[in-house]
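For reference, the structure discussed in these notes is given below.
The values are calculated or read from the model by the stated rules, or taken from the named source; none is laboratory data. Just so you know, these numbers come straight off a predicted model, no measurement behind them. Ideal geometry is used to build each Cβ from the backbone, glycine not excepted, and the neighbour counts take in all protein chains shown. Each accessible area value is taken on the protein alone, full model and side chains, heavy atoms only, with ligands, DNA and RNA left out. Shrake-Rupley method; radii C 1.70, N 1.55, O 1.52, S 1.80 Å.
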Amino acid sequence: GAGVSQSPSNKVTEKGKDVELRCDPISGHTALYWYRQSLGQGLEFLIYFQGNSAPDKSGLPSDRFSAERTGGSVSTLTIQRTQQEDSAVYLCATGGNQPQHFGDGTRLSIL
Amino acid sequence: DQQVKQNSPSLSVQEGRISILNCDYTNSMFDYFLWYKKYPAEGPTFLISISSIKDKNEDGRFTVFLNKSAKHLSLHIVPSQPGDSAVYFCAASGVGRGSRLTFGEGTQLTVNP
């Protein structure tokens, strides 16, 4: 929605594998966020990028999670050695100011 | 520690009537509040927001009320339409650019024709 594109839309993988999720933000939006929504839960903040500043990684649940944003545009969220509790919808959002515009998410299923 | 809570997981109303969705928060540092609507398999869509300096903000059929002393906000939809059926999330943030949002668990609204 609102021009934020995420890929893949669905990802099924075996426990222990690494996965990479991609977010293409709205052009010109300097702020980029990753959230995740587990089944029956609200959205949980993961990480925030703002321009060239150091990212706010305070929401990442473990060191298996990392994210980067290249050239202030595309962002990738990487989960190493996936666990079943990583199963969730991972949402990317962008915005120069509030409010934030969300993509449709990547549904990640860990078998 | 759930700083933003939506205590009603679901709400059912008749088409044409008012829908009232409630949200409570505990963090007094929150000063900006938003409501999002989410359809299945789609990302949340921004609906309406309110700053803590106001107690009401209206946009068409949607009105958000903020009671700071009670740390409570509500979203009123009137008249409700079947297309309003979705999950509604309230969210809160602190002051400043890029403040991350803290979300409630969501309320599933069903509007019956």
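Looking only at region A:30-48, which residues are part of a loop (DSSP other than H, G, I, E, B) and either open to solvent by less than 60 Å² (accessible area, probe 1.4 Å) or touching a residue at least 60 places away in the same chain (Cβ under 8 Å) (or both)?
Those that are part of a loop (DSSP other than H, G, I, E, B) and either open to solvent by less than 60 Å² (accessible area, probe 1.4 Å) or touching a residue at least 60 places away in the same chain (Cβ under 8 Å) (or both): A:Thr30, A:Ser38, A:Gly42.
Among the residues of region A:7-29, those that are open to solvent by less than 50 Å² (accessible area, probe 1.4 Å), within 13 Å of chain B (Cβ to nearest Cβ) and not in a strand (DSSP E or B) comprise A:Pro25, A:Ile26, A:His29. Only residues that are out of contact with any strand residue (DSSP E or B) (no Cβ under 8 Å at 6 or more places or on another chain) and surrounded by 14 or more Cβ atoms within 10 Å (Cβ to Cβ) were counted in region B:65-113, giving 2. So, of the residues in region A:78-111 that are among the hydroxyl-bearing types (Ser, Thr, Tyr) and more than 24 Å from B:Ala92 (Cα to Cα), which turns out to be surrounded by the most Cβ atoms within 10 Å (Cβ to Cβ)? Checked region A:78-111; the qualifying residue surrounded by the most Cβ atoms within 10 Å (Cβ to Cβ) is A:Thr82.
With a requirement of 2 or more residues that are surrounded by 12 or more Cβ atoms within 10 Å (Cβ to Cβ), touching a residue at least 24 places away in the same chain (Cβ under 8 Å) and among the hydrophobic types (A, V, I, L, M, F, W, C), the strands (runs of 3 or more DSSP E) lying completely within region B:12-64 that satisfy it span B:19-25, B:32-38, B:45-51. All conditions in (1) of a type in the set (A, V, I, L, M); (2) in contact with a Gly (Cβ under 7 Å, 6 or more places away or on another chain); (3) open to solvent by 70 Å² or more (accessible area, probe 1.4 Å) hold for A:Val4, with the sole exception of (3). Evaluation of B:Ser80 against the conditions (1) among the small types (Gly, Ala, Ser); (2) over 23 Å from A:Leu91 (Cα atoms); (3) free of Cβ contacts under 8 Å to residues at least 60 places away in the same chain shows that the sole unmet condition is (3).
Quick one: count up the residues across region A:49-77 that are open to solvent by 30 Å² or more (accessible area, probe 1.4 Å) and assigned to a strand (DSSP E or B). Matching residues across region A:49-77 total 5.
Just one of A:Phe49, A:Phe45 is over 26 Å from B:Pro40 (Cα atoms) and out of contact with any Ser or Thr (no Cβ under 6 Å at 6 or more places or on another chain); which is it?
Of A:Phe49, A:Phe45, the one residue that is over 26 Å from B:Pro40 (Cα atoms) and out of contact with any Ser or Thr (no Cβ under 6 Å at 6 or more places or on another chain) is A:Phe49.
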